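Below you'll find the structure, written out as structure tokens, and then a few comments.
The values are calculated or read from the model by the stated rules, or taken from the named source; none is laboratory data. The shown structure was predicted, so the numbers you read here are calculated from the model rather than taken from an experiment. All Cβ positions, even for glycine, are placed from backbone atoms using ideal geometry, and neighbour counts span all protein chains on display.
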Amino acid sequence: MNHPYKQHGAFSWCELMTSDVEAAKHFYGSLFGWELEQADVTCMPYTLIKAGGTPIGGIMATPPQAEGVPPHWGSYVTVDDVDATAKQAEALGAQMCMPPTDIPGVGRFCVFRDPQGATIAAITYASTCGTSD
């Protein structure tokens, strides 16, 4: 199976967290020709990024719990079990930034900082989340 939402270890999503969503949508939409679509996938406004009609990422406002964090792109890696991955990451020296958390209708994710200081997210997608192929 080669679908990035199902393949353990595959990069599967990129997400921009920013203080100015509208400016980011204008900039990236103009720069890359991305299709931008409002989505109801979280408990906050979220913009899906599509390339060639395929969802590839999202844009969201910085949530209150991340206040003070500068705008940045984050990458998600698909894993078979987010909770097990979080435990293993901590055992290998990672620091949890966001413990395993459910996103209704999407899946379960966590965010951690590796021992060198780089941040990445791991996600297990819900079986109904965009995995038709």
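Here is how the numbers come out for the structure above:
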quantity	calculated
Those residues of region 62-110 which are of a type in the set (Val, Ile, Thr), within 18 Å of CYS43 (Cβ to Cβ) and in a strand (DSSP E or B), in sequence order	THR101, ILE103
Test for ALA89: is it over 15 Å from the mean Cα position of the chain (by Cα), over 19 Å from ARG108 (Cα atoms), at pLDDT 95 or above and surrounded by 12 or more Cβ atoms within 10 Å (Cβ to Cβ)	no
So GLY29, is it under 16 Å from TYR125 (Cα atoms) and at pLDDT 95 or above	no
Filter result for GLY105 (surrounded by fewer than 15 Cβ atoms within 10 Å (Cβ to Cβ), in contact (Cβ under 8 Å) with a residue 60 or more places away in the chain and not hydrophobic (A, V, I, L, M, F, W, C))	yes
Selected residue (only one of GLU22, GLU37 is free of Cβ contacts under 8 Å to residues at least 24 places away in the same chain and in a helix (DSSP H, G or I))	GLU22
Out of ILE59, ILE123, sole residue that is in a strand (DSSP E or B) and under 24 Å from GLY9 (Cβ atoms)	ILE123
All positions within region 113-128 that are surrounded by fewer than 21 Cβ atoms within 10 Å (Cβ to Cβ) and within 13 Å of VAL79 (Cβ to Cβ)	ILE120, ALA121
